[in-house]
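Here's the structure we're looking at; comments come further down.
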Amino acid sequence: MNNLNSGKKYCINPEYVFREIAGETVIVSVSENCLLTNTVITPNETASFIFKAFQTPHTKEDVVRAGLEEYDVDEETIVRVVEGFVQESLKLKVLVEAD
């Protein structure tokens, strides 16, 4: 996990909300300033877990540890998934660096 240990904390951009509707998880933009305006995102179970983890500021390493406790996968897999989620979410401004 050394490559994740930047110490930076990330959290979900407050312009996006996470909801469970009729048993499905959705992420909705709530601001016209969002890059993904008028969009409803339906993440898979793993993305939902990661999204929930970043509801409050956490490092990538924190989320990897939580993922290892939650899922029966090897560390390399969860590191790859978390890193991919963070990179893509930063590009789309769904995830932001925490203060």
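If you run the Gaussian network model on the chain, springs between alpha carbon atoms under 10 Å, then out of Val26, Val82, Val63 the most flexible one is Val26. Using a Gaussian network model of the chain whose springs link C-alpha atoms within less than 10 Å, name the residue from Val86, Val64, Val17 with the highest mean-square fluctuation. The residue that fluctuates most here is Val17.
Label separation (Glu24 vs Asn44): 1.7 nm, computed from points 7 Å beyond Cα along the C-beta direction. Note on Glu70/Asp99: beta-carbon distance plugged into 1/(1 + (r/R0)^6) with R0 of 22 Å gives a FRET efficiency of 0.20. Residue order for Arg65, Arg19, Arg80, fewest other beta carbons within 10 angstrom first, comes to Arg19, Arg80, Arg65. Classify the chain: rounded, prolate or oblate, from the alpha-carbon gyration tensor (a ≥ b ≥ c, eigenvalue square roots; a/c under 1.5 rounded; otherwise prolate if a/b is larger than b/c)? Judged from the Cα gyration tensor, the chain comes out oblate (a/c at least 1.5, b/c at or above a/b). Working note: Karplus 6.51/-1.76/1.60 with θ = phi - 60° gives region 62-78 the couplings 4, 6, 4, 4, 4, x, 5, 6, 7, 10, 8, 9, 7, 4, 4, 5, 5 Hz, where Gly and Pro are set to x. Placing +1 on each Lys and Arg Cβ and -1 on each Asp and Glu Cβ, with no other charges, gives the chain a dipole about its Cα centre of roughly 360 debye. Scanning residues 5 or more positions from Ala98 or on other chains, those with amide H under 5 Å from its amide H are Lys9, Tyr10, Cys11, with H placed 1.01 Å from N in the peptide plane.
Amide H contacts under 5 Å for Thr39: Ser29, restricted to partners 5 or more places along the chain or on a different chain, H placed in the peptide plane at 1.01 Å from N.
Where a number appears in this text, it was derived from the coordinates with a stated rule and is not lab data. Since this is a predicted model, take the numbers as computed values, not measurements. Cβ: placed from backbone, ideal geometry, glycine included. Neighbour counts: every protein chain shown.
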